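Peer 1: This is the structure, below, for whatever I ask next.
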Amino acid sequence: MIACVQMKLQPEDYRTEQSFEARIMQICADIREQSGDEQLLIVFPEHIGTFCILCNAPERVWSRKSFAQASKVLLFHHAPKVAHHMLMDRVSPVRALFLTRSKELERIYLSSFIKAAKKYEAWIAAGSAALRWGQTNRIFNTSPVITPTGRVLYRQHKVNLVEMEGKGGLDLEPAPLNYVSAVQTPFGNLGVAICLDAFHTEVRERLAGLGADILVQPSANNGPWNDWQQEDWLRSSFEAVAKNKEFSLAVNPMLVGRLWDVAFEGQSSIIDQEGFAARAKSHTEEEILLRKGPAG
């Protein structure tokens, strides 16, 4: 069974690490209940782990009226360490904040999915988060794949960034194309193309060339899901699978909801070579899409 999670952002889920873990565990519990004892792959949307940077933040962060204001308060809360990274690593304040919080962010994010994978015996493509690459000053938008034993088998880094992720936003770093690979699973070889990457033929061609059968496109569209956006979105997973037959299946979970004034909209889908095998009814509410997988 393959589950595609259209997860809705809720501020209370990021107030503490316990609330984030509880949210992930509840979603996975609901999916396991629906799927029975079948072998299970759960795919989450992009950037759900990035907001773990807010977990355990003081109340004065949450009392702000915008994401920018809240981020500024969080930055000042960690001012000494942020200043250290700015000086030693020669990076922006935003990048310095991610470096300061990198260990905690990664621990909170990954531990929740590792626990869920083990308890519910599921393969999990855990959306993505802004994670530090080793001990460098590089922060990639990273999508981990976790086995039912809780092993982080693979981490895919995003190659093509959107404006929100660039210098004027999260200040992430684009990964080189040769960092893209395929992951062997019981469902077939997964090719993870994070959001915008699935629009780029060079990423899809590399994944197909490496033997990927299933295209996984964790996404977070931080704009209105209007007619133009819906039409444009067909250039990604739908084009790759239903039109060009580059892969046998695509799973495209999308983030919805908002944190302060940062809002996300989209319709999640599971796509086979005939078209939409399953598609979310709403572009603003949480939904779970299920489809029998090759192993199911």
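Peer 1: Looking only at the range 96-109, which residues are under 15 Å from the mean Cα position of the chain (by Cα) and touching a residue at least 60 places away in the same chain (Cβ under 8 Å)? Can you show your working first?
Peer 2: First, pick out the residues of the range 96-109 that are under 15 Å from the mean Cα position of the chain (by Cα): 105-106, 108-109.
Across the range 96-109, the qualifying residues are Ile108, Tyr109.
Peer 1: Could you give me the residue pairs with C-beta distances under 9 Å whose first residue belongs to the range 1-27 and is without any contact (Cβ under 8 Å) to a residue 60 or more places away in the chain and over 24 Å from Asn222 (Cβ atoms), whose second residue is among the hydrophobic types (A, V, I, L, M, F, W, C) and surrounded by 20 or more Cβ atoms within 10 Å (Cβ to Cβ) wherever it lies, and which are 6+ apart or on separate chains?
Peer 2: Thr16/Cys55; Gln18/Cys55
Peer 1: Is it true that some residue in the range 172-192 is part of a strand (DSSP E or B), in contact with a Pro (Cβ under 6 Å, 6 or more places away or on another chain) and either buried (at least 22 other Cβ atoms within 10 Å of the Cβ) or of a type in the set (Val, Ile, Thr) (or both)? Even if it seems obvious, please write down each step before you answer.
Peer 2: Initial filter on the range 172-192 (part of a strand (DSSP E or B)): 182-185, 188-192.
Restricting the remaining residues to those that are in contact with a Pro (Cβ under 6 Å, 6 or more places away or on another chain) gives 188.
Still in the running and either buried (at least 22 other Cβ atoms within 10 Å of the Cβ) or of a type in the set (Val, Ile, Thr) (or both): none.
No, the conditions are met nowhere in the range 172-192.
Peer 1: Separate question: Check whether at least one residue in the range 30-53 is free of Cβ contacts under 8 Å to residues at least 40 places away in the same chain, part of a loop (DSSP other than H, G, I, E, B), among the small types (Gly, Ala, Ser) and loosely packed, with under 14 Cβ neighbours inside 10 Å, and report yes or no.
Peer 2: First pass over the range 30-53, keeping only residues free of Cβ contacts under 8 Å to residues at least 40 places away in the same chain: 33, 36-37.
If we keep only those that are part of a loop (DSSP other than H, G, I, E, B) too, we end up with 36-37.
Pick out the ones that are also among the small types (Gly, Ala, Ser) and you get 36.
Checking the rest, the ones that are also loosely packed, with under 14 Cβ neighbours inside 10 Å come to 36.
Checked the range 30-53: at least one residue is free of Cβ contacts under 8 Å to residues at least 40 places away in the same chain, part of a loop (DSSP other than H, G, I, E, B), among the small types (Gly, Ala, Ser) and loosely packed, with under 14 Cβ neighbours inside 10 Å.
Peer 1: Also, quick follow-up: Taking strands (runs of 3 or more DSSP E) that do not extend beyond the range 85-156, which have at least 3 residues that are within 18 Å of Arg23 (Cβ to Cβ)?
Peer 2: Numbers: elements: 122-126, 129-132, 139-146.
The strands (runs of 3 or more DSSP E) meeting that bar are 122-126.
Peer 1: Let me ask something else about it. If we keep just the residues of the range 157-171 that are out of contact with any helix residue (DSSP H, G or I) (no Cβ under 8 Å at 6 or more places or on another chain) and assigned to a loop (DSSP other than H, G, I, E, B), which is surrounded by the fewest Cβ atoms within 10 Å (Cβ to Cβ)?
Peer 2: Within the range 157-171, the subset out of contact with any helix residue (DSSP H, G or I) (no Cβ under 8 Å at 6 or more places or on another chain) is 163-168.
Then keep just the ones that are assigned to a loop (DSSP other than H, G, I, E, B); that gives 166-168.
Working: Gly166: 13, Lys167: 12, Gly168: 10.
Filtering the range 157-171 for residues that are out of contact with any helix residue (DSSP H, G or I) (no Cβ under 8 Å at 6 or more places or on another chain) and assigned to a loop (DSSP other than H, G, I, E, B), the one surrounded by the fewest Cβ atoms within 10 Å (Cβ to Cβ) comes out as Gly168.
Every number here is computed from the coordinates shown, using simple stated rules; none is lab data. Just so we're clear, the structure is a prediction, and the values are computed from it rather than from any experiment. In this analysis, Cβ positions are derived from the backbone assuming ideal geometry, glycine residues included, and neighbour counts consider all displayed protein chains.
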